[in-house]
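Heads up, the thing below is written out as structure tokens.
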Amino acid sequence: MSVHSQRNQLGALMKQLMAQWSEAKLHWRDNKAGEFEKRYLAELVDNVNASMVVLDKLDETLGKIRRDCGES
């Protein structure tokens with residue numbers, strides 16, 4: 001599987017997780033829900049976003065290497 005497809009899969013899974021979290025928040029409305037979101041989900045979102053940037057750069061670099069080596 002290519003880096004690009006892995007990045008897309010990561011994005012899709014993150015989108016699915018956040019949709020499920022939105023659904024959970026409809027029923028879980030106490031202080032612990034807010035704490036959970038701040039403690040775990042906010043950091044996860046930041047890390048996933050940073051990872052996606054790195055995966056984009058990696059995909060670009062691998063593409064350049066393939067072109068430089070005459071591969072398609």
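Quick note: the coordinates plus some simple rules give every number you see, no bench work behind them. Fair warning: this is a prediction, and the values are worked out from it, not measured in the lab. Ideal geometry is used to build each Cβ from the backbone, glycine not excepted, and the neighbour counts take in all protein chains shown.
Please list, by residue number, every one of the GluC sites (Glu not before Pro) in the chain that is coil in DSSP and has at most 13 other beta-carbon atoms within 10 Å. Before the final figure, lay out the partial values.
Values: sites: 23, 35, 37, 43, 60, 71; in loops: 71.
Filter output for the chain: 71.
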_Estimated vicinal HN-Hα couplings, Hz - region 25-35 in sequence order (Karplus 6.51, -1.76, 1.60; Gly, Pro = x)_ = 5, 5, 10, 10, 10, 9, 5, 5, 5, x, 5
*If you plug each phi of region 56-63 into the Karplus form 6.51 cos²θ - 1.76 cosθ + 1.60 with θ = phi - 60°, what whole-Hz ³J(HN,Hα) values come out, in order, with x for Gly and Pro?*
4, 5, 5, 4, 4, 5, 5, x
*Selection of chymotrypsin sites (Phe, Trp or Tyr not before Pro), the chain, meeting DSSP coil and at most 14 other Cβ within 10 Å*: 28
*Short version: ³J(HN,Hα) in whole Hz for each residue of region 48-53, in order, from phi by Karplus 6.51 cos²θ - 1.76 cosθ + 1.60 (θ = phi - 60°), x for Gly and Pro, what are they?*
5, 4, 5, 5, 5, 5
